[in-house]
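Here the structure is laid out as structure tokens; the discussion comes afterwards.
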Ligand code: UDX
């Protein structure tokens, strides 16, 4: 099929490349000329495992092109809208101005029978509003909402082999929107991927609910880790034990510095704001507590650092391992790791932060911090090591080796991924979150 993808960020660039990989003829559009130039040259403007390979082969084959001109989307049968919906500057609601702008830009270029497919995460009610706009301004086209559940670090696999497909369609749709989308996702459909066809509001809520649930699960275990701390219990063993109950499940029960990134934090805030607008703020008031627990984890790590250094971090060298919000990504948006580094620096510590992929993005946001691209340089002479993003290379650090680099053997494991007994046996003072 001829497909356009409007917005080429973490979501759109992967979606465009994956659609071309599936054999479609794709044009990716973005207002950022630098991003488009990089993508057209076959270079992803961000780190995502597996993306360089499919981007390169699709651009080389001519099945995938990029442009800054939305007029180049004309002629596509399906237009995916994959622009960002960040948190608004002055409220906790989502800023959907980029979605609105993408729609306005597409209106003059919609062919007879074409389908616009929203992938961006939007407040419930947005699709109905945009459908009304479309009916008035471009009745030859129609709208479906198809939320995206990809995880950074696994984005290519999640797009090519999704665990479910959700199509939100208009009440007067005769089945056409679903059949077009089935054609787009034929490979996944043939592989038996569950597919749910529903109304606009449900499809928008599916995404809000999924992220709210995941965020709640993480804050739940972090709350347990606070109780573990004052009782001498071990939150990791606790998670293993409750995780064996299939109704609970072990995934997303890792206590630590908490969740971050461009999705979970802003999505729970936007969901709360939207529920309040709808007069049902009470129903999701618990999400505010989920957010509060989550942000408290960052302060807990800082408090542990202060305690580990005897009450003050002032002028003490601290190596911060990790700045991205999770491993296998260069994304530092709302990153707990970067926040911890900034908070420690604010207390007067000589922070040196390191990360396998995120240093450049972190430096752009926080140029006041000192960075090292090699972990060894951050560790040299440190009086405290703080692990806050569980990259494989940090999880597999050898305590004896690291012990020879640092000034003092003290470590805070902000992700509870190291074996305390091994580190303690090597002479380290080890502290985790909710671990004795
Ligand atoms: C998330 C959702 O998983 C995805 O379905 C949605 O489309 C977008 O938002 P992503 O932001 O890529 O994806 O990251 P995810 O893997 O969900 O992790 C989010 C955050 O939670 C990370 O900061 C991670 O470190 C943290 N986390 C995750 C924990 O603190 N503990 C856990 O047990 C799991």
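The values are calculated or read from the model by the stated rules, or taken from the named source; none is laboratory data. Model, not experiment: these values are computed from the prediction. Cβ placement follows ideal geometry from the backbone for every residue including glycine, while neighbour counts extend to all protein chains displayed.
Exactly one residue out of 76, 60, 37, 89 is out of contact with any helix residue (DSSP H, G or I) (no Cβ under 7 Å at 6 or more places or on another chain), on the phi < 0 side of the Ramachandran plot, exposed (fewer than 15 other Cβ atoms within 10 Å of the Cβ) and not in a helix (DSSP H, G or I), and it is 89. Among residues of segment 398-422 being away from the ligand (no atom under 16 Å from the Cβ), assigned to a loop (DSSP other than H, G, I, E, B) and in contact (Cβ under 8 Å) with a residue 60 or more places away in the chain, the one that is farthest from the chain's Cα centre (by Cα) is 407.
Restricted to segment 241-253, and to residues that are surrounded by fewer than 19 Cβ atoms within 10 Å (Cβ to Cβ) and within 10 Å of the ligand (Cβ to nearest atom), which residue is nearest to the chain's Cα centre (by Cα)? Among residues in segment 241-253 that are surrounded by fewer than 19 Cβ atoms within 10 Å (Cβ to Cβ) and within 10 Å of the ligand (Cβ to nearest atom), the one nearest to the chain's Cα centre (by Cα) is 252.
For residue 175, indicate whether it is more than 15 Å from the ligand (Cβ to nearest atom) and free of Cβ contacts under 8 Å to residues at least 12 places away in the same chain. Considered against the rule, which asks whether it is more than 15 Å from the ligand (Cβ to nearest atom) and free of Cβ contacts under 8 Å to residues at least 12 places away in the same chain, residue 175 comes out as yes. When 156, 180 are screened for being farther than 25 Å from residue 328 by Cβ and either surrounded by 15 or more Cβ atoms within 10 Å (Cβ to Cβ) or within 16 Å of the ligand (Cβ to nearest atom) (or both), only 180 passes. The numbered conditions (1) more than 24 Å from residue 87 (Cα to Cα); (2) touching a helix residue (DSSP H, G or I) at 6+ places or on another chain (Cβ under 9 Å) are all true for residue 112 except (2). For the structure I just gave you, tell me whether residue 114 is on the phi < 0 side of the Ramachandran plot, assigned by TED's automatic domain parsing to the domain that holds residue 160, modelled with pLDDT of 95 or more and surrounded by fewer than 18 Cβ atoms within 10 Å (Cβ to Cβ). No: the conditions fail for residue 114. In segment 320-357, the qualifying residues are those that are touching a helix residue (DSSP H, G or I) at 6+ places or on another chain (Cβ under 7 Å), away from the ligand (no atom under 16 Å from the Cβ) and in a strand (DSSP E or B), and the one that is farthest from residue 9 (Cα to Cα) is 351.
The sole residue among 152, 148 that is out of contact with any helix residue (DSSP H, G or I) (no Cβ under 8 Å at 6 or more places or on another chain), in the same structural domain as residue 22 (by TED's automatic domain parsing), within 27 Å of residue 44 (Cα to Cα) and part of a loop (DSSP other than H, G, I, E, B) is 152.
Scanning segment 290-300 for residues that are buried (at least 16 other Cβ atoms within 10 Å of the Cβ) and over 20 Å from the mean Cα position of the chain (by Cα) yields a total of 1. Beta carbons closer than 9 Å, at least 6 apart along the sequence or on distinct chains, pair a first residue in segment 246-261 that is farther than 15 Å from residue 297 by Cβ with a second that is more than 6 Å from the ligand (Cβ to nearest atom) and in a loop (DSSP other than H, G, I, E, B) for 250/244. Checking the structure you have, find out if any residue of segment 284-291 is free of Cβ contacts under 8 Å to residues at least 24 places away in the same chain and under 30 Å from residue 126 (Cα atoms). Yes, segment 284-291 contains a residue that is free of Cβ contacts under 8 Å to residues at least 24 places away in the same chain and under 30 Å from residue 126 (Cα atoms).
Residues that are surrounded by 15 or more Cβ atoms within 10 Å (Cβ to Cβ) and assigned to a strand (DSSP E or B) within segment 423-436 comprise 430, 431, listed in sequence order.
Comparison of 216, 193 shows that the only residue that is within 16 Å of the ligand (Cβ to nearest atom) and buried (at least 16 other Cβ atoms within 10 Å of the Cβ) is 216. The set of residues from segment 264-289 being crowded, with 16+ Cβ neighbours inside 10 Å and in contact with a helix residue (DSSP H, G or I) (Cβ under 6 Å, 6 or more places away or on another chain) comprises 264, 267, 268, 271, 272, 275, 284, 287. Within segment 256-303, being under 17 Å from residue 211 (Cα atoms), within 13 Å of the ligand (Cβ to nearest atom) and not in a helix (DSSP H, G or I) holds for 258, 259, 260, 261, 262, 263.
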